[in-house]
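Before any comments, here is the structure.
The values are calculated or read from the model by the stated rules, or taken from the named source; none is laboratory data. This structure is a prediction, so every number in the text was calculated from the model and none was measured. Virtual Cβ from ideal backbone geometry, glycine too; neighbours counted across all protein chains shown. Surface accessibility is based on the protein's heavy atoms, side chains included, excluding ligands, DNA and RNA. Shrake-Rupley method; radii C 1.70, N 1.55, O 1.52, S 1.80 Å.
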Amino acid sequence: MKIVDGHVIVCCPGRNFVTLKLITDEGTYGIGDATLNGRELAVASYLEDHVLPLLIGRNPGRIEDTWQYLYKGAYWRRGPVTMAAIGAVDTALWDIQGKTLGVPVYHLLGGPSRDSVLVYGHANGTDVDDTLRAVERYCELGYQAIRVQSGVPGLEGTYGVGRGDMYYEPAEPGLPPEQRWSTELYLDFVPELFARVRSEFGPEPMFLHDVHHRLTPIEAARLGKALEPYHLFWLEDAVPAELQEGFRIIRQHTTTPLAVGEVFNTIHDCQQLIQEQLIDYIRTAVVHAGGISHLRKIASLAELYHVRTGCHGATDLSPVCMAAALHFDLSVHNFGIQEYMRHSEETDRVFPHEYTFERGAMHPGDAPGLGVDIDEELAAEYPYQRAYLPVNRKLDGTVHSW
Ligand code: CS2
Ligand code: MG
């Protein structure tokens, strides 16, 4: 079998997505997500201009060889654009392989290690009361695990409170909006938020919180300690992780479990974090960390060090990535949890999928391949729209992590 054709589809059914489609001489095709929020067209060009010409004529069954060819063969390694492009190719090849053999991809990954995949949803509110109502709604929908984010009193447009009702959309059409940040106000507020959440909902639900890289290690240590009474499932992205050893400081002070990695692209970004047991959950995603093949290597390293997976699954990762993540999650032994932000209705129509949600857990379905498709005619009705994530500044105007 040979790859004879391929193209990149950029569409905006509520938000921008980049999708790679590879077609074989036997008429089967595979798809992969290549969406990099706010930098979508860079990956589209990388694929169209530099990767697709290399794939024509290749055997789609050589998944690992193709990965190595694109990674080592480019000379220039790693980085979000390169790794999203490689991730899309890898995902599409697993899809083709599953369709060719007539089995769901998780069968090719060792079969299911569990019956279903625990997911967490997002309860966001502008203030504590609003957030409590959102948590209640997620409990009613059957979620067992819920990420809780709330606007901080005194700060406008705080991270975690995006547009959308059952989905959360932080990217804004046009140029990036700016938001304001105060670590002091935030650190005073978050323990109070979780005290209210636990007292209203009791000990049972699993609660998560995302800091979005906004603290220093010692500030994160203080927050982790303050949150210990409320038993978080995890505290996410407490500090920027370019400095992996910074996590040692947090770890010395708190037993709150730590998660990190949604912006990582390769195993090298988390090697020290995993091997020194500085984290509990690794959040690398199929789309941004080189596809299913590379994610499996990260999970295997993590398994040795009691680190479990917790793949990123925000709305800017398309249903193609969601489907691929669910096959990975179902099969990998050291799975922890999967993020699941629902997509808008337009997005779901453009990407028909087999995956299902029931009582706080998901299943990828049993269709051959990934069990997800793209309706290209419908996608063409939603052309790309420039959009960016917000930029954050401290109250004195200094640029800060968003
Ligand atoms: C967040 C994301 O899902 C998460 O944990 O950190 O919403 C993040 O803001 C977006 O994926 C950025 O593109
Ligand atoms: Mg996050």
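Points to keep in mind about this one:
- Net charge of Cβ neighbours under 10 Å - reference residue 151; Lys, Arg +1; Asp, Glu -1: -3
- Our coupling estimate for segment 120-127, obtained by passing each phi through the Karplus curve with A = 6.51, B = -1.76, C = 1.60 and θ = phi - 60°, is 10, x, 10, 9, 10, x, 6, 8 Hz, Gly and Pro reported as x.
- Length released on extending from residue 188 to residue 385, taking residue separation times 0.36 nm less the Cα-Cα span: 67.1 nm
- For residue 6, distant residues with modelled amide H under 5 Å away: 23
- Over segment 324-402, relative contact order from alpha-carbon pairs under 8 Å, at least 6 apart, %: 21
- Ranked packing of 317-323, 372-378, most packed first, by mean Cβ within 10 Å: 317-323, 372-378
- Each residue of segment 372-378 was assigned a 3J(HN,Hα) from its phi angle through the Karplus expression (A = 6.51, B = -1.76, C = 1.60, θ = phi - 60°), giving 8, 9, 10, 8, 5, 5, 5 Hz with x at Gly and Pro.
- Relative contact order (%) - the chain, alpha-carbon pairs under 8 angstrom, separation at least six: 23
- Solvent-accessible area per residue, Å², over segment 108-368 with all protein chains present [probe radius 1.4 Å]: 38
- Cβ crowding within 10 Å averaged over residues, with 63-74, 228-239, 102-113 ranked highest first: 228-239, 102-113, 63-74
- DSSP beta bridge pairing in the chain, given as percent antiparallel to the nearest 5: 50
- Mean-position separation - Cα centroids, segment 134-153 and segment 203-243, in angstrom: 17
- Residue-span extension gain [residue 5 to residue 304] - 0.36 nm each, minus C-alpha spacing: 103.6 nm
- Whole-Hz Karplus values for segment 174-183 come out as x, 7, x, x, 10, 10, 10, 9, 9, 4 Hz, taken residue by residue from phi with 6.51 cos²θ - 1.76 cosθ + 1.60 and θ = phi - 60°; glycine and proline positions read x.
- Centroid-to-centroid separation of segment 75-89 and segment 360-402 [C-alpha atoms, Å]: 18
- Heavy atoms of the protein chains alone define the surface here; on that basis segment 3-104 has 38 Å² accessible area per residue at 1.4 Å probe size.
- Net charge contributed by nearby residues that have their C-beta within less than 15 Å of residue 64 (K/R +1, D/E -1): +3
- Each stretch of four or more DSSP H residues adds -39500 (n - 2.57); spread over every residue of the chain, this sum gives -10000 deg cm²/dmol at 222 nm.
- By average C-beta atoms within 10 angstrom, highest first, the peptides 275-283, 245-253: 275-283, 245-253
- Angle of helix 291-304 to the longest C-alpha principal axis of the chain, folded into 0 to 90 degrees and rounded to 10: 50°.
- Helix 217-227 axis versus longest C-alpha principal axis of the chain: approximately 70°, rounded to the nearest ten.
- Accessible surface of the chain, 1.4 Å probe, proportion on carbon and sulfur as whole %: 50
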